[in-house]
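Notes to accompany the following structure.
The values are calculated or read from the model by the stated rules, or taken from the named source; none is laboratory data. Source: prediction; values computed, not measured. All Cβ positions, even for glycine, are placed from backbone atoms using ideal geometry, and neighbour counts span all protein chains on display.
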Amino acid sequence: MAPVQAQAVPVTSENAIVPEKARDGIDLEINAERYRHTGDPQMPLLWYLRDVLRLTGTKYAGMRGETGADLVLLNGKAVSAVAQPMAKLAGKSVTTVEGLAANDGSLHPVQQAFIDEDAIGCGYCTPGWLIAAVDLLRRKPNPSDDDIDQLPNLCRCGCQTRVRRAIKRVAAGKAGQA
Amino acid sequence: MNDHIPADRIRLSRRRFLQVLAGGAGVLMVGIRTASAADAPLPLAMLGDTFYDLGAYVRIDSDGNVLIGARDPDTGTGVATSLPRIIADELDADWNTVSVVALGLGVSDNNGQPRWTYGHQVGGVGGSIPAAWNDLRQVGALARWLLLQAAAHRLGVPADKLRCDAGTVIAPDGRRFSYASLAEDASKIALPNNPPAVKTPDQYRLIGKPAGDVDARAIVTGQMQYAIDQHYGEALVAVLAHCPWPDGTLAHIDTNDTLAVKGVVKVLQLKPEPGQLLGNTVIAPAVAVLAEDTWSALQGRQKLKLEWKPGASGSESSNSLEQQAGALLAGKTDPTARVRNDGDVDAASRKAARRLDAIYYQPWLAHATAEPMNCLVRLDKDHASVVVPTQAPQKAWAVVQRLTGLGPAQIEISVPRIGGGYGRRLDHDYVAEAVMLAKAVDKPVRLLWTHGEDLDHDYYRSGSVHQLSAIIDHKRQLTGWNQRLASASALIHRGVPDNRLWTSELQADQLPAALVPNYRSDWYALNASIPRGPMRGMPQLSNAFAVESFIDEIAHSMKEDPLDTHLRLLGAPRQLSLSAGGVLDTGRLTNVLKLVADRIGWKNWLHSVNGLGIACWHVDGAYVAHAIEVAMQGEKLIIHRVVCAVDVGRVINPQGLEGQVAGATLDALSIALNLAITFKDGQIQQHNFKDYPLASMAQLPNAVEVIVVPNDDLPPTGASLLAMPTAAPALANAVFRATAVRVRRLPLMKELLRLL
């Protein structure tokens, strides 16, 4: 049987498939990848992360981020994701808890120290504590107890004393060691 | 250091897991035939013959993967780690090859009635470990027995000549057979008539050894999927505006601005019948905004114009209830319940050398979980899929069943790790709401409460007023004790008979019952309509604060070291029968008390610059004591040291236990220092974590020193709430030594600053 000949369809203005022009939006970088938000510019980063990108490590933490579970690093500094409208984030770089580990899966020393010190209760607020701890250790590589006292996070499971140990473990360069 | 689950373990979905369990070559399925603890509020008729059901927990595949199911929801109590380790130890599995699967609800259809596949499935109420100790050891032992039989057949050697070690069977000649290579044969072996023997304690390899949380890696990398993180592609997001009064009604609604918000799809009213009970809980009327995403839904809710009309509860206030309590206790009316009456308190009172009286006040409390109430529901014609943070999946099932009319096995309830429970998720109003909405829109629904909704529409712990009297004779002995408590029972509307409503408020066996010859405790019911419900540490939290503070007052009045007062009260080590069953072992209680005293340097209590406080309690056969050291710096209370000793019998996972004890201590301190729910005109006055301020890092101690008493001869007890009751009284007693101010009203900071 003869092979079916491909039939060329004449292109008219009615049936032409034209790629859509790139939509206008807010360009930003999240966990070293580039994204363009094309929805409501007033949408807080929290809901963009959770509902649009399905990056759910950053948690709902109250309408004003009271528990700190929605902290992310914005250009390296810990901020509440619910307080950041997307409109403010053009050209900015965001790191969420999902972006803390290296590409090969090896953990950030703070993540490892949280495991080592069992600094986890239910775990819901842990991403926020991790971000706050990374931010603190960037500013103060050897933080005092008073520095650690300034962390804004809340936790009902009572992981605070173990978080303190984890931060000190990182400062002492002992994350991952028994 | 500790044996952690290796990275990149495959986390099969529950459905896939069950499918795999249901068949397939090389898969060993193991179940149990056993009775297990019932969940008290569930009607017996609903249980059918499920206590004798065959359930599946262990899967060993031919690739060497060992999957172990965790049946109880993990609210942060660590049961997803400890329960599978109990099975893995009996199985002699190599923990490094074990993956844990959160099982979700196990239910099958037994002539239209549910059969609970896994028996006990309740989390966060302290029952998981004792129940597991009763039956889950057999699960592992049976799996191990089957593997040994398979190896015996293959080798032609009697099974008792073989031994197991870390996932292998070892023959007398030293040959080793991996469980993976035996799994297929083992799965074909008939179950024995009698359950194989479980290990003797000297054979344990995992039980008693520290282990990190199986979910730790997923949590720190942000990969852990809580219910709030899950979705079905086309699901609508629903947020609610609840009526401020559970018995109120909607007087006026204007949805125009809401519907104009881009992304908002629908506005629906949820109108429960007045007083309607679903899942044992009252549901307030609400207006739901359904939208394509959370942001649109929240904006839409903000633009709702609603007028609510109060019901009968609209005049209630926390102040008026406290006045009601005061009047009840000051009056001569008979108590609602006489909980305990030993000896003759009145006669002892007449012979007293001294009598001491005090009144303690404690506020209403909310659960304030980190993960708010939420529920993902997908309803198909003959199937319901529900992903929900619930502590009691069987009760969630009952709510879904009632609202959908589906058959028992047509309802699938997945329970991922939960962002805190504390008893809030034993009630399922939010499940009912999500199901009702999904029915109404004929689409999957992802319901999200905000923290504000959580705080304003909770099932609260009642505020309470405790009137205490101590009778001391001429020999400085405590010969009489009278406690009169007024509070609103948490058990109302929950099918509990009136003469048992006191059980959520007071324990017949609480200290110093059984230690004082003339002892009386009475409960007075407050007439209140604000919703109440179970809460972690209830009723120990409020009673231990009043009782252990008061014992400190007694010591002070006798110019005695409060440790000595305690030790005299506890007396010689002996076992006293408790009215609720079990015993009070005064030796074990004395021991934890002495341990914390030694560790904190109690000898110097009188001369210490800082204030030292101590307290002890017993909870369901476990024992706890706290010693705390504080100082005031101006208006700042510094908690310098906290020591907690616990005796829980056998310890399953010491690392997990330490976390639970430290965590419960900090939570109890946070509650005692800051937290109170108040209401006025029937409306809650706290709407966020600024109004209901969980303790900040700075307010809390830098460390909690945990001492675990080795007591491996006794069966394990639950520990998730154990460390709560004594933290607040030890704190208040320390504050008294530091400031000479006796705090008899919580929250402590507000009262202390008022009195200083």
Checklist outcome for this item: Filter the stretch A:40-88 for residues that are within 16 Å of A:LEU100 (Cβ to Cβ) and in a helix (DSSP H, G or I); the one that is farthest from the other protein chains (Cβ to nearest Cβ) is A:ALA81
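Mind checking whether some residue in the stretch B:522-542 is charged (D, E, K, R), assigned by TED's automatic domain parsing to the domain that holds B:LYS351 and out of contact with any Phe, Trp or Tyr (no Cβ under 7 Å at 6 or more places or on another chain)?
Step one: filter the stretch B:522-542 for residues charged (D, E, K, R), giving B:522, B:532, B:536.
In the following step, the residues that additionally are assigned by TED's automatic domain parsing to the domain that holds B:LYS351 were identified as B:522, B:532, B:536.
Then keep just the ones that are out of contact with any Phe, Trp or Tyr (no Cβ under 7 Å at 6 or more places or on another chain); that gives B:522.
Yes, the stretch B:522-542 contains a residue that is charged (D, E, K, R), assigned by TED's automatic domain parsing to the domain that holds B:LYS351 and out of contact with any Phe, Trp or Tyr (no Cβ under 7 Å at 6 or more places or on another chain).
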Checklist entry - Of the numbered conditions (1) hydrophobic (A, V, I, L, M, F, W, C); (2) modelled with pLDDT of 95 or more; (3) touching a Cys at 6+ places or on another chain (Cβ under 9 Å), B:ALA284 satisfies every one except a single condition; which is it? => result (2)
Next on the checklist: Can you find, within the stretch B:686-699, the residue that is nearest to B:LEU455 (Cα to Cα) among those that are at the interface with another protein chain (Cβ under 8 Å from one of its Cβ atoms) and over 22 Å from the mean Cα position of the chain (by Cα)?
Outcome noted: B:ASN688
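Residues checked against (1) crowded, with 19+ Cβ neighbours inside 10 Å; (2) hydroxyl-bearing (Ser, Thr, Tyr); (3) away from every other protein chain (no Cβ under 14 Å); (4) out of contact with any helix residue (DSSP H, G or I) (no Cβ under 9 Å at 6 or more places or on another chain):
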site: B:TYR361; (1), (2), (3), (4): no, yes, yes, no
site: B:HIS367; (1), (2), (3), (4): yes, no, no, no
site: B:MET373; (1), (2), (3), (4): yes, no, no, no
site: B:VAL377; (1), (2), (3), (4): yes, no, yes, no
site: B:LYS381; (1), (2), (3), (4): no, no, yes, yes
site: B:PRO408; (1), (2), (3), (4): yes, no, yes, no
site: B:SER414; (1), (2), (3), (4): yes, yes, yes, no
site: B:ASP429; (1), (2), (3), (4): yes, no, yes, no
site: B:ASP442; (1), (2), (3), (4): no, no, yes, yes
Next on the checklist: Cβ-Cβ distance below 6 Å, separation of 6 or more or different chains: which pairs start in the stretch B:562-573 with a residue that is in contact (Cβ under 8 Å) with a residue 24 or more places away in the chain and under 14 Å from B:GLY587 (Cβ atoms) and end on one that is assigned to a loop (DSSP other than H, G, I, E, B) and among the aliphatic types (A, V, I, L, M)?
Outcome noted: B:LEU569/B:LEU515
Checklist outcome for this item: With criteria (1) within 8 Å of chain B (Cβ to nearest Cβ); (2) part of a helix (DSSP H, G or I); (3) free of Cβ contacts under 8 Å to residues at least 24 places away in the same chain, A:ASP147 comes up short on (1)
Checklist entry - Can you pull out the residues in the stretch B:388-419 that are of a type in the set (Val, Ile, Thr), in contact with a strand residue (DSSP E or B) (Cβ under 9 Å, 6 or more places away or on another chain) and closer than 24 Å to A:THR67 by Cα? => result B:VAL388, B:THR390, B:VAL415
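Would you confirm whether any residue within the stretch B:622-632 is within 14 Å of chain A (Cβ to nearest Cβ) and within 23 Å of the chain's Cα centre (by Cα)? Outline the logic, then answer.
At the first step, the residues of the stretch B:622-632 found to be within 14 Å of chain A (Cβ to nearest Cβ) are B:626, B:628.
Applying the additional criterion that residues be within 23 Å of the chain's Cα centre (by Cα) yields B:626.
Yes - at least one qualifying residue is present in the stretch B:622-632.
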Checklist entry - Would you say A:LEU130 is at the interface with chain B (Cβ under 7 Å from one of its Cβ atoms), in contact (Cβ under 8 Å) with a residue 24 or more places away in the chain and either among the small types (Gly, Ala, Ser) or closer than 21 Å to B:GLY421 by Cα (or both)? => result no
Item to check | Failed condition for B:HIS566, given (1) in contact with a helix residue (DSSP H, G or I) (Cβ under 7 Å, 6 or more places away or on another chain); (2) over 29 Å from B:TRP502 (Cβ atoms) | outcome: (2)
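Can you work out which of the residues in the stretch B:182-228 that are among the β-branched types (Val, Ile, Thr) and away from chain A (no Cβ under 14 Å) is surrounded by the fewest Cβ atoms within 10 Å (Cβ to Cβ)? Break it down into steps so the answer makes sense when it comes.
Start the filter on the stretch B:182-228 by keeping residues that are among the β-branched types (Val, Ile, Thr), which leaves B:189, B:198, B:200, B:207, B:214, B:219-221, B:228.
Of the ones still in play, those that are also away from chain A (no Cβ under 14 Å) are B:189, B:198, B:200, B:207.
Working: B:ILE189: 16, B:VAL198: 18, B:THR200: 7, B:ILE207: 22.
The extreme case among them is B:THR200.
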Next on the checklist: I'd like the residue in the stretch A:158-175 that is more than 8 Å from chain B (Cβ to nearest Cβ) and not in a helix (DSSP H, G or I) and, out of all such residues, is surrounded by the most Cβ atoms within 10 Å (Cβ to Cβ).
Outcome noted: A:ALA175
Checklist entry - What tally of residues in the stretch B:137-158 results from selecting those that are closer than 18 Å to B:ASN194 by Cβ and in contact (Cβ under 8 Å) with a residue 12 or more places away in the chain? => result 13
Next on the checklist: Whether any residue in the stretch B:454-462 is in contact with a strand residue (DSSP E or B) (Cβ under 8 Å, 6 or more places away or on another chain), of a type in the set (Gly, Ala, Ser), touching a residue at least 60 places away in the same chain (Cβ under 8 Å) and part of a loop (DSSP other than H, G, I, E, B) is what I want to check.
Outcome noted: yes
Item to check | Filter result (crowded, with 24+ Cβ neighbours inside 10 Å and not hydrophobic (A, V, I, L, M, F, W, C)) within the stretch B:128-155 | outcome: B:SER128, B:GLY140, B:ARG144
Next on the checklist: Suppose we filter A:GLY123, A:GLY105 for residues that are within 11 Å of chain B (Cβ to nearest Cβ), modelled with pLDDT under 95 and within 19 Å of the chain's Cα centre (by Cα); which single one remains?
Outcome noted: A:GLY105
Item to check | Selection status of B:LEU447, touching a His at 6+ places or on another chain (Cβ under 9 Å) and within 14 Å of chain A (Cβ to nearest Cβ) | outcome: no
Checklist entry - Assuming B:PRO654 fulfils every condition listed in (1) crowded, with 24+ Cβ neighbours inside 10 Å; (2) over 18 Å from the mean Cα position of the chain (by Cα) apart from one, which condition is it? => result (1)
Checklist entry - From the residues in the stretch B:700-713 that are surrounded by fewer than 20 Cβ atoms within 10 Å (Cβ to Cβ) and either at pLDDT 95 or above or on the phi > 0 side of the Ramachandran plot (or both), which one is farthest from the other protein chains (Cβ to nearest Cβ)? => result B:VAL709
Next on the checklist: List the strands (runs of 3 or more DSSP E) inside the stretch B:294-388, counting only whole elements, that have at least 3 residues being touching a residue at least 60 places away in the same chain (Cβ under 8 Å), within 24 Å of B:ASP427 (Cβ to Cβ) and assigned by TED's automatic domain parsing to the domain that holds B:GLU234.
Outcome noted: B:374-380
Checklist entry - Out of the residues in the stretch B:232-249 that are surrounded by fewer than 18 Cβ atoms within 10 Å (Cβ to Cβ) and under 25 Å from A:VAL97 (Cα atoms), which is modelled with the lowest pLDDT? => result B:GLY233
Checklist outcome for this item: Of the candidates A:VAL72, A:VAL94, the one satisfying the condition of being modelled with pLDDT of 95 or more, over 21 Å from B:TYR226 (Cα atoms) and crowded, with 19+ Cβ neighbours inside 10 Å is A:VAL94
Next on the checklist: List the residue pairs whose Cβ atoms are under 8 Å apart, where the first residue sits in the stretch B:250-269 and is in the same structural domain as B:ALA238 (by TED's automatic domain parsing), the second is among the aromatic types (Phe, Trp, Tyr), and the two are 6 or more positions apart or on different chains.
Outcome noted: B:LEU250/B:TRP308; B:ALA251/B:TRP308; B:GLY263/B:TRP295
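Would you say B:ALA664 is within 14 Å of chain A (Cβ to nearest Cβ), surrounded by fewer than 22 Cβ atoms within 10 Å (Cβ to Cβ) and not in a strand (DSSP E or B)?
On the way: within 14 Å of chain A (Cβ to nearest Cβ): yes; surrounded by fewer than 22 Cβ atoms within 10 Å (Cβ to Cβ): no; not in a strand (DSSP E or B): yes.
It is false that B:ALA664 is within 14 Å of chain A (Cβ to nearest Cβ), surrounded by fewer than 22 Cβ atoms within 10 Å (Cβ to Cβ) and not in a strand (DSSP E or B).
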Checklist entry - Which of the following residues is in contact with a Pro (Cβ under 9 Å, 6 or more places away or on another chain), of a type outside the set (Val, Ile, Thr) and more than 21 Å from B:TRP502 (Cβ to Cβ): B:ALA348, B:ALA370, B:ALA366, B:ALA353? => result B:ALA348
